[in-house]
Structures are given as structure tokens and as C-alpha cells.
Amino acid sequence: MLNSDDDTLSVVSSDGYHEVSRVHIGRGPHHLIASLDGRTLIVAMSGSNELVLIDRTTGVESQRVEASDPYQIGFSPDGKWFVAASIRLDRIDIYDAKTFQLVHRLPAATMPSHIAFARDGSIVFVTLQGTGSLIAIDLATGKDLWTVPVGPSPAGIITLPSGTLLVGIMGSDHIDAVDPRDGSIIRKIQTGNGAHNFLVSPDGKTLYVTNRVAGTISVLDADNLQVTGTLTAPGGPDDMALSPDGRELWVTGRWHAAIDVIELASGALKATIPVGRSPHGIFVY
Amino acid sequence: MFDAIQRVIEQIQGTIFETAIEPVLFRLGLMDWSEDAFDGVEFALYGAIAVALAYLLFRPLELWHPAERWDDRRAVRTDVVYTLIHRIGVVPAILFLVLAPIGVMIDSYLRFQGYIPRDIEKLVTPLFDHPFATFLVYMVVLDFAEYWRHRLQHRLPWWWALHSLHHDQRQMTLWSDDRNHILDDVLAMVWTGTIAMLIDVPPGEYPLVLIGFRLIESLAHTNVRFGFGGLGSTLLVGPRYHRVHHSIEHAQPPFDRTRGCNFAVILPIWDVVFGTWRPSAEFPQTGVAALTGQAVRCGYLAHQLEGFRRLGAVLVHFLDRRRPGFVAALPAE
């Protein structure tokens with residue numbers, strides 16, 4: 001996982017629930033994802049303007065690719081595009097996913113934060129935290145298709161199998177279900193103050209939402225979007241990951257410099273693991 | 001031990017933010033600022049620790065062996081106000097809110113032109129595996145930049161009009177480091193921001209070490225009869241070294257006001273290299289010869305207004321040379 005204020009990457013044992021090592025990785029690491037083939041971890045370094053590629057099997061850094069202020073990153077499902085949002089510089093960059101060559105650079109007012117893709121990979125949706133809106137961009141042309149208001153400080157966003165978008169409204173207490181065709185809000189689902197980010201279980205049945213201000217995680221049925229439970233996660237819960245066996249939810253606590261491990265069967269806090277300052281992105285494997 | 005201390009500070013920071021700051025941001029619809037505010041709490045906490053340590057460590061020195069003794073210390077109170085509002089983060093927060101959007105605008109424009117800043121460890125690659133060494137290199141580079149900013153503060157009449165507020169204190173103490181005009185602070189931020197656009201900012205892993213640097217700056221202003229000796233005064237700025245810079249007497253040939261001496265903030269090597277190093281066995285009085293009375297011994301707001309008055313006088317003098325302007329801003333003969 002990444003300690004964004006410390007410029008470090010922590011390796012944490014999922015057996016012993018302790019930090020194994022912490023290494024300097026560059027400036028401003030915030031988010032990390034797996035490559036399309038799953039063999040490489042890609043870390044977005046917003047401060048040092050690069051992507052760090054790490055071999056997932058060996059843990060050895062394999063490459064650094066120059067990229068201007070990447071904050072949130074993601075691959076389009078068709079594997080053609082790689083998108084990086086720059087929350088600080090109000091900009092969205094669209095790269096060729098195979099070569100990491102910049103194809104389009106768009107201004108985005110303001111604070112482009114989290115990203116999601118249309119299921120066919122043709123459109124990227126980006127929450128604009130500073131202006132309370134959501135933007136849809138055609139990836140091939142780099143053109144803005146629509147920009148619509150969704151709610152104060154929108155943060156996390158995901159695409160459901162139906163194509164419907166879910167947006168966490170961090171300045172409020174709910175998530176929006178949004179029609180990807182025109183950005184119209186279909187439904188609001190109350191979760192908790194500071195609704196921030198999403199995680200879907202591997203079987204696609206359960207949806208988790210971090211509520212950063214409330215210090216909770218809402219558990220939803222992914223089919224009908226009904227809230228089925230609430231887990232306690234104090235300390236500014238942010239990004240989440242499930243343990244490979246699906247029994248534990250690992251959550252980064254931005255405000256208390258630790259990862260919380262929650263046992264899903266009981267909802268109990270199983271462990272709190274101290275890491276570096278402002279832990280943000282997390283990847284469990 | 002340092003890890004444990006830092007851990008405690010992190011927990012206090014998180015608790016303050018979660019219980020007192022974040023709920024307010026949420027109610028006011030300002031959640032966009034949550035991460036900046038979280039960093040602001042950290043700044044304030046480390047600032048408070050630096051102030052507390054400076055007082056606990058250096059105030060006994062001032063009582064034990066002062067360079068100067070004063071019956072009336074009321075002039076020091078203004079410097080206490082300066083210190084608190086700067087180091088607890090009030091002034092930096094205001095400057096951040098005003099200047100950060102401008103910085104983003106410029107930085108964003110440069111990115112669209114294809115310019116990406118390169119940090120030092122990319123220019124000097126062996127540094128990459130040694131973050132603490134990288135941090136120290138940044139400190140040296142920034143100290144070098146501060147030396148030249150300080151030279152310009154004395155050299156340019158309009159800048160000296162502002163910087164004279166820092167120098168007009170005749171009761172220099174451990175509290176005097178932050179006695180600066182707000183426009184001078186703006187210029188300092190622009191200066192540092194420009195450097196950050198060229199070589200980025202130092203690694204963020206060593207906030208406790210930064211306290212050490214702030215303590216050196218406080219010690220440099222401390223009213224104590226103490227110096228680091230001949231060799232020491234080439235290695236680290238100390239109370240005697242900096243007192244000579246602040247002295248009324250240093251505006252004498254060959255070190256007149258525009259040339260000055262002992263400009264270094266932390267490392268005197270810059271003064272040695274650029275010919276402004278002046279070792280001394282003396283502990284002279286501080287202040288600006290032409291400035292006395294209420295213009296110097298006043299409260300925070302009056303002192304800030306006095307800075308605007310001095311700047312205005314210099315600007316008027318530029319337009320009309322017959323006007324006397326701010327007398328201390330005139331280049332020495």
C-alpha cells in the first residue's frame with residue numbers, strides 16, 4: 001500500500017498483520033492498479049511525474065514511465081486506453097495503453113478525481129470534485145460528451161455490469177446512480193457522511209462504500225443497491241481491498257496512518273496495522 | 001525513538017482533524033479542501049512543537065547569558081504574535097489560499113506546453129536510493145536560494161522597505177525570526193514556489209528534521225552571548241553570526257547596507273564563497289539606524305501598516321526623486 005505523505009510504499013503481511021517493509025518510492029504515490037495482463041503493478045506518482053511499474057511476482061521495480069502528475073489511473077476495459085486524472089492541475093490525460101504515449105490532454109474544471117469506463121471501453125467518466133460534476137469523454141476523439149452536476153465533492157465512481165454508474169458524493173451522505181448515456185441521476189442511495197469510494201466483491205454480489213466523515217463502510221447488495229449493513233472504520237476510510245479468501249476487508253485510514261482489517265463475517269475490527277503517513281492506495285494479493 | 005514521536009504526532013493530527021476540522025468542512029460544503037486541511041493541521045502541529053522547543057531550549061540561554069539586557073521587553077510581544085500566527089499556520093494558510101491557485105494555473109499551463117519539473121534525484125540518479133541524502137541536498141539548494149533572496153532583500157530599495165520590518169527590531173530574541181511583512185512573505189512563497197516548479201519540493205518523509213532547521217533559525221535570533229567560534233562560524237549560522245547581520249554597525253564600510261554581511265540562513269558557506277562573510281567577536285546592538293520609536297515599537301497591525309508606508313515612500317521616490325522616500329531604503333554612500 002502507498003503512504004502518500006511519506007513518499008513510501010509499505011509491504012504488509014496478511015498473515016501476521018504487520019508492516020514487513022517500507023521503502024521510498026518517489027513523490028506523491030496515491031493510487032495503484034494491476035496491468036491488463038495482471039503481471040505488473042502500476043503506481044501513479046503524482047509528485048514525481050511518473051508511473052512506477054513493479055513486477056507483481058517478484059516485487060522488483062521493472063520500469064519508470066514519465067507521466068505528468070498522474071493521480072487516479074485506469075485502463076479502459078478494451079485495453080486500448082490508459083487514463084490519468086490530475087486532481088491538482090485540473091487535467092485529464094489519455095494515453096495509448098500499450099506504449100504510454102500521450103494521445104489527448106484535456107483541461108477539466110476542477111479537481112478531476114476518480115475515473116470509470118463505459119463497459120465497451122469507448123468512454124471515460126471522471127468525477128470533478130471541485131465543481132460537483134461528472135464529465136464523460138470519448139476516448140478515441142478526446143471530446144467532452146457531457147458534463148452534468150451530481151452533488152458536492154463527488155469522489156469515487158464505478159460502472160455496474162448493467163452499465164449504470166455509481167458516484168460517491170463526498171460532500172453529502174449518499175451515492176448517486178447515474179445513467180451513462182446523458183449523466184442523469186437515476187437514484188440516490190443513502191450510505192453515510194462523506195461517501196467516498198467503492199469496492200465490488202469478486203462474485204459481483206456485494207458492494208462496499210467508504211464513508212469518510214462518518215468513519216463507516218456501507219455494505220450494499222450490488223443487484224438492488226439496498227444497504228444491508230454498516231461496518232465501523234474510524235480514521236478516514238479511503239481505499240479498500242478484499243483478502244484473496246474474501247473474508248477480510250482491508251481499508252486504508254487516511255487520517256490515522258494505519259490499515260484496518262475488518263472481518264466480514266462478524267464485522268469486527270480484526271487488526272489495525274500502523275503504516276506511514278496518509279495511507280491511500282492498497283492492493284491485496 | 002523518532003518513529004515513536006512521529007507516530008504520536010500523527011495520531012494527534014488525525015484526532016484533531018477528525019473531531020474538529022473535518023465535520024466543519026463537511027457542514028460548510030468544503031470537503032474539496034479536506035486533504036489540504038489535513039496537511040494544514042500537520043503544519044500547525046509541527047509549528048507548535050518547534051515554537052515550544054525553541055522556548056524551552058533558548059529562553060533559558062537568554063536569561064542565563066544575554067547579549068543585551070532590557071528593562072522594558074514590551075517590543076518583544078509583537079514578535080511573539082508574529083511567531084505564533086506564522087508557525088501555527090494562520091499567515092501560511094492565507095498565503096496558500098491566495099497563491100496556490102495561481103501556482104496551479106502556471107504549472108498547468110506549463111504542462112500543456114510539455115514541461116514537466118524534474119526533481120533532483122532524477123538529475124542525480126545515485127541519490128534516488130538515499131532519500132535522507134536527497135532531503136539534505138534539497139535543504140542545501142533551498143538554503144542557497146534563501147541566501148540570494150536575502151541578498152536581494154537588502155539590495156533592492158523597494159524590497160528593503162519591506163525587509164526593514166524584520167531588521168528594525170532593537171530587541172532581537174528567539175521570537176524575531178518570523179517578524180516579516182506579509183508582502184515579504186508573499187515574495188518568499190513565490191520564490192520557493194518557482195524553485196519547486198524547477199526541481200520539485202523536498203521528500204516529505206522527514207517532518208521532524210524540519211523542526212531542527214526551524215530551531216536553527218530561532219537560535220540565530222536568540223539574545224544570547226554565544227557563537228560557534230571561528231571555524232564554527234563557517235559551518236552553521238549561530239546567534240553571534242546573525243546578530244552581526246542584524247547590527248546597526250554592520251552598515252559601515254566595507255559592509256554597507258546594500259552589500260551587507262552574514263546573509264546566510266543556515267549555512268555560512270554562501271557568505272564565505274560570495275565575499276559577505278564577516279566573523280566577529282562582538283555582540284553589537286541590532287536595528288536599523290534610521291528607524292526608532294513608534295515605527296519600530298508597535299503592535300502587529302501597526303507594524304504591517306508601517307511596512308506599506310515604507311514601501312509607498314520608496315515607490316513615490318522612484319516616481320519623483322525630490323521626495324525623500326523611505327530614508328533607510330536609500331542606497332548607502
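Since every read-out is calculated from the coordinates, none of them should be taken as a lab result. These figures come from a predicted structure and were not determined experimentally. All Cβ positions, even for glycine, are placed from backbone atoms using ideal geometry, and neighbour counts span all protein chains on display.
Short version: what are the Cα gyration tensor semi-axes of the protein assembly as shown, square root of 5 times each eigenvalue, largest first, in whole Å?
In descending order the semi-axes read 51, 25, 23 Å.
If you average the C-alpha positions of segment B:163-199 and of segment A:1-54 separately, how far apart do those two centres end up, in angstrom?
Taking the Cα centre of each part, segment B:163-199 and segment A:1-54 sit 37 Å apart.
Counting each DSSP H run of 4 or more residues in chain B as -39500 (n - 2.57), what helix-only mean residue ellipticity at 222 nm follows after dividing by all residues, to the nearest 500 deg cm²/dmol? All intermediate terms of the calculation are to be shown ahead of the outcome.
Details: 14 runs with 199 residues, N = 333.
Rounded to the nearest 500, it is -19500 deg cm²/dmol.
Would you please report the Å³ per residue occupied by the convex hull of the alpha carbon atoms in segment A:18-78?
Normalising the Cα hull of segment A:18-78 by residue number yields 101 Å³.
Quick check: from the Cα gyration tensor, does chain B come out rounded (a/c under 1.5), prolate or oblate? Present the calculation step by step, with values, prior to reporting the outcome.
Values: a/c = 1.41, a/b = 1.34, b/c = 1.05.
Here chain B falls in the rounded category.
Under 8 Å for C-alpha pairs, at least 6 residues apart: give me the relative contact order for chain A, rounded to a whole percent.
Working: 853 pairs, mean separation 32.3, N = 285.
Dividing the mean separation by the residue count of chain A yields 11 percent.
Kindly count the pairs of lysines across the protein assembly as shown whose alpha carbons are less than 22 Å apart, treating pairs on different chains or eight or more residues apart as eligible.
4
Can you tell me the dipole magnitude for segment B:1-158 around its Cα centre, using point charges on the Cβ only (Lys, Arg +1; Asp, Glu -1), in Debye to the nearest 20?
Working: 14 positive and 20 negative charges, 124 e Å.
Value, rounded to 20: 600 debye.
What distance in nm separates the two pseudo spin-label positions at B:Asp71 and B:Phe213, each 7 Å out from Cα along the beta-carbon direction?
Computed distance between label sites B:Asp71 and B:Phe213 equals 4.3 nm.
Can you run phi through the Karplus equation (6.51, -1.76, 1.60; θ = phi - 60°) for segment B:50-55 and list ³J(HN,Hα) in whole Hz, with x for Gly and Pro?
4, 5, 4, 5, 4, 5
Spelling out what I want: for every residue of segment A:112-120, take phi, set θ = phi - 60°, compute 6.51 cos²θ - 1.76 cosθ + 1.60 (Karplus), and round to whole Hz; glycine and proline get x.
x, 10, 9, 10, 8, 10, 5, 5, 8
Just to check I understand the Karplus step: with θ = phi - 60° and J = 6.51 cos²θ - 1.76 cosθ + 1.60, what whole-Hz values come out for segment B:177-183, glycine and proline as x?
Going residue by residue, I get 4, 8, 6, 9, 6, 4, 5 Hz, with x marking Gly and Pro.
Decide, for segment A:34-237, between rounded, prolate and oblate: order the square roots of the alpha carbon gyration tensor eigenvalues as a ≥ b ≥ c, take rounded if a/c falls under 1.5, and otherwise choose prolate if a/b is larger than b/c, else oblate.
prolate
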